[in-house]
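Just so it is clear, none of the values below were taken in a lab; they were calculated from the coordinates. All of these numbers come straight from a predicted model, not from anything done at the bench. Quick reminder, even Gly has a Cβ in these numbers, built from the backbone with ideal geometry, and neighbours come from all protein chains shown.
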Amino acid sequence: MSLNTLVTAAIAVTTLGLSATAHAGKTLDAVKARGQLVCGVNTSGPGFSNADSQGKWSGLDVDFCRAVAAAVLKDADKVKYVPLNSQQRFASLQAGEIDVLSRNSTWTLTRDASLGVVFTGINYYDGQGFMVPKKLKIDSAKKMNGVTMCVQAGTTSEKNVADYFAANGMKYKSVVFDTAEAITSAFFAGRCQVYTTDMSDLAGARTKAPKADDYVILPQVISKEPLGASVRRGDDEWFQIVRWTQFALLEAEEEGLTQANVDQQKASNKDPAVQRFLGVSEDTGKLLGLDAEWAYRIVKQVGNYGESFERNLGLKSPLSLPRGVNNLWTKGGLMYAPPIR
Amino acid sequence: MSAAATGDAAWRARRRARLLREGLLQGAVALVVVALLVGLAQNVAANLEARQIKSGFGFLRDPAGFNIGELLFEYDARDSYLRAFAVGMANTLRVSIAGIVLASALGVIVGLMRLSHHALLSGLGGAYVEVFRNTPLLIQLLAIYLLATELLPDSAAALSLEGVALLSKQGLQIAVPASGTHALFGAGASGLVAGAAVFVAARRWLTVGAGLVGGGAGVLVALLAWLSFGVVGGWSRPELDGFLISGGASLTPEFLALWLGLSLFTSASIAELVRAGALAVPIGQWNAALALGLRRGQAMAGVIFPQALRLAIPPLASQYMNLIKNSSLAVVIGYPDLVSIANTSINQNGQALEVIVIIMAVYLSLNLVVAVVMGLVNARVTRAPR
């Protein structure tokens with residue numbers, strides 16, 4: 001929307017033009033002084049970040065914000081959520097409006113190397129797919145020659161789908177909308193025959209269809225979309241805290257620590273790795289500029305990665321996504337945390 | 001020092017002093033403005049550098065990598081950002097020009113309706129103006145677009161005027177001569193020639209309306225020529241081919257909704273300009289025209305309307321400029337105009353500042369062109385003494 005462009009422009013001009021010096025390094029101090037973490041999230045991404053009717057945020061990305069707040073501010077609730085659409089997100093981070101961007105964003109070389117932001121890790125391995133109405137009887141992405149396709153502006157999907165159709169010698173017409181809401185309403189009204197975006201988003205959008213059973217998600221995955229959080233460049237201390245928050249979530253799952261059992265485990269488990277992780281035997285937090293119990297609080301207040309996944313995306317949630325490649329490496333997935341020691 | 005100069009010499013001295021003072025003052029102001037701009041630009045550059053954000057316009061030559069739904073000329077994802085911006089600008093121009101034409105026509109009609117003595121006509125005109133002028137354009141666009149996409153049938157069950165036109169969620173497809181652009185150019189050229197000839201001939205015995213007659217004849221001849229291209233060379237007819245409707249020329253629902261929305265919204269303001277212009281012509285002009293035996297229609301066309309134009313043209317220019325700028329709302333209904341392409345580009349390469357500079361430069365130059373053209377028109381209609 002032109003409004004977004006204006007917002008982007010306003011942010012860029014005011015912050016880049018008027019701030020006297022580029023600030024670097026002191027995000028942790030600023031967050032502590034403020035007593036609140038400012039976290040950029042998706043305006044509407046079921047399963048990742050979604051506000052309910054009471055304005056309470058939930059989702060995998062929201063849990064990540066909460067985990068950072070638990071580690072840094074000792075309280076997972078001390079988060080201010082800033083909903084951002086896809087064009088605003090990096091400008092908002094560059095400009096210092098938010099401390100962390102946790103908004104299902106794909107990690108790519110261009111973004112990592114040229115936007116003044118740096119990705120801290122991957123919290124969801126996604127891929128781009130297609131959703132079609134059942135009545136069109138399309139069962140494979142290869143049979144889509146000539147379709148009209150709804151795509152969201154300012155996403156990696158726009159490029160991927162162009163590549164995929166060119167590689168397969170097929171043609172399509174794109175209709176590009178500004179927001180996910182505009183796309184879903186146009187798609188469910190029948191303006192486009194295909195809706196393409198990340199698989200997890202498709203599953204979320206399908207839950208909003210008038211009749212979810214009228215739509216199918218095709219099996220083909222046409223791209224790698226590793227989603228993760230990012231921070232501003234130039235503050236290595238803050239970068240490490242955010243990166244290791246994700247690792248702590250994974251490590252907790254690997255050690256079998258859950259929200260429910262962490263207190264009991266802290267008291268009784270004699271495994272040195274667990275004792276170190278929970279800050280009983282060693283102070284790993286000191287190295288990050290935090291206290292000894294940073295990881296304990298993450299598990300206690302937010303839960304481990306697996307719990308967060310099941311709560312927001314898993315088979316018992318409305319999205320009912322299988323764990324798949326997002327399982328731990330010990331269970332055949334790709335989720336792997338370096339040792340916390 | 002001699003005694004104070006007198007007469008012309010004193011005047012010249014005072015004038016020199018005044019010019020010097022003014023020159024210095026203006027120079028100082030200009031210097032401050034330039035210094036501010038340079039300072040701002042340097043600060044932006046330094047901050048971009050410090051935050052390691054890539055900058056510069058070099059990206060325009062890189063391949064864009066994304067697809068665009070509506071094209072006026074060849075483009076594919078391997079083409080450069082520059083070409084993508086050109087496609088966007090062409091789409092903006094297309095909807096703006098179509099919008100200006102339709103808004104002007106509707107505006108004049110509704111404006112004249114409001115001036116009518118028939119209660120029904122003026123009432124309808126009034127309702128039209130109040131409805132379209134007093135609701136936000138954004139809402140009108142969304143309403144038109146949602147109605148179109150909800151109500152129109154799927155492409156498989158398109159409303160069909162056999163072999164000539166198809167109307168569906170894919171838009172409006174009409175049959176066109178198979179020779180495509182040749183037919184368009186041929187028709188345009190013959191229309192121009194015929195129109196000019198009729199205009200020159202008509203000017204001999206018509207004092208008013210020669211332009212109208214010439215224009216009408218031109219359009220008619222162009223249409224006939226275009227049709228005859230189709231009759232001779234065969235037609236390209238829209239047909240459902242798999243998922244796509246192929247053949248013919250197509251107008252997408254996005255274009256139609258934007259075109260209609262912009263035209264309706266702007267025409268309401270233009271109608272008011274027409275009415276204001278006509279009412280501002282002194283009543284004596286009406287009386288004189290009627291006293292000379294002209295009928296009301298003749299008096300309006302020959303006496304009042306030309307004078308009303310003089311008052312209406314400067315504000316009309318701003319309405320046209322507003323229409324061009326409002327076309328950037330395209331992005332909410334998925335029409336790929338300049339702003340929509342720019343939005344996509346910003347996210348592909350992250351160079352928000354550069355892209356926004358491009359958008360502003362394009363809109364500024366489009367509107368400057370409108371300003372110049374309307375200035376010329378204004379000079380033409382105000383040439384006669386008031």
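Descriptive notes on the structure:
- Under 5 Å between amide hydrogens, built in the peptide plane, is the criterion, and for A:Val117 it picks out A:Arg233 among residues at least 5 positions away or on other chains.
- Straight-line cross-link reach from A:Lys134 at under 28 Å between alpha-carbon atoms covers these lysines, not counting any fewer than eight positions away in the same chain: A:Lys142, A:Lys143, A:Lys159, A:Lys171, A:Lys173, A:Lys208, A:Lys211, A:Lys224, A:Lys316, B:Lys169.
- Result for chain B in a Gaussian network model with C-alpha springs under 10 Å: among B:Val101, B:Val357, B:Val332, the largest mean-square fluctuation is at B:Val357.
- For the segment B:68-76, counting C-beta atoms of other chains within 10 Å of every residue's C-beta and taking the mean gives 2.
- Applied to the stretch A:240-246, the Karplus parametrisation 6.51 cos²θ - 1.76 cosθ + 1.60 on θ = phi - 60° returns per-residue 3J(HN,Hα) values of 5, 4, 5, 4, 6, 4, 4 Hz, with x for Gly and Pro.
- Here is the list for the stretch A:52-84: trypsin sites (Lys or Arg not before Pro) lying in DSSP coil, each with at most 14 other C-beta atoms within 10 angstrom of its C-beta, are A:Lys56, A:Lys74.
- Residue with peak Gaussian network fluctuation, chain B [Cα springs, cutoff 10 Å], from B:Leu124, B:Leu25, B:Leu366: B:Leu25
- A quarter of the convex hull surface defined by the alpha-carbon atoms of chain B gives 31.8 nm² as the mean projection.
- Where only DSSP H runs of four or more residues are counted, chain B gives -24000 deg cm²/dmol as its mean residue ellipticity at 222 nm, each run worth -39500 (n - 2.57).
- Whole-Hz couplings from phi, Karplus 6.51/-1.76/1.60, listed for the stretch B:260-272; x for Gly and Pro: 5, x, 4, 5, 4, 4, 6, 5, 4, 5, 5, 4, 5
- Computed from Cα positions, the angle between helix A:180-189 and the longest principal axis of chain A comes to roughly 30 degrees.
- In a DSSP loop and with at most 15 other Cβ atoms within 10 Å, the chymotrypsin sites (Phe, Trp or Tyr not before Pro) in the stretch B:6-103 are B:Phe57, B:Phe73.
- Database remark: amide H of A:Val82 closer than 5 angstrom to the amide H of A:Cys39, A:Gly40, A:Val41 (H placed geometrically; neighbours at sequence offset of 5 or more, or on other chains; Pro and chain starts carry no H).
- Between the stretch B:248-267 and the stretch A:299-341, the Cα center-to-center distance that results, in Å: 48 Å
- Loop-located GluC sites (Glu not before Pro) in the stretch B:38-125 (DSSP state not H, G, I, E or B) with no more than 12 neighbouring Cβ atoms inside 10 Å: B:Glu74.
- Nearby lysines by direct alpha-carbon distance to A:Lys74 (threshold 19 angstrom, same-chain neighbours under 8 apart not counted): A:Lys26, A:Lys32, A:Lys266, A:Lys286, A:Lys300
- Here B:Phe185 and B:Gln298 are evaluated by their C-beta separation; at R0 = 51 Å the FRET efficiency comes out at 0.85.
- In this rough spin-label picture, where each label sits 7 Å from Cα along the Cβ direction, the A:Arg34-B:Asp62 distance is 2.9 nm.
- Here the spin labels are modelled as points 7 Å beyond Cα on the Cα-Cβ line, and at B:Ala202 and A:Asp139 they lie 6.4 nm apart.
- Distance from the stretch B:121-184 to the stretch B:227-242 (C-alpha centre basis), Å: 21 Å
- Computed over the protein assembly as shown, the range of Cα coordinates on each principal axis works out to 112, 97, 49 Å, biggest value leading.
- Spacing of the two label points (7 Å from each Cα toward its C-beta) at A:Asp52 and A:Leu334, in nm: 3.1 nm
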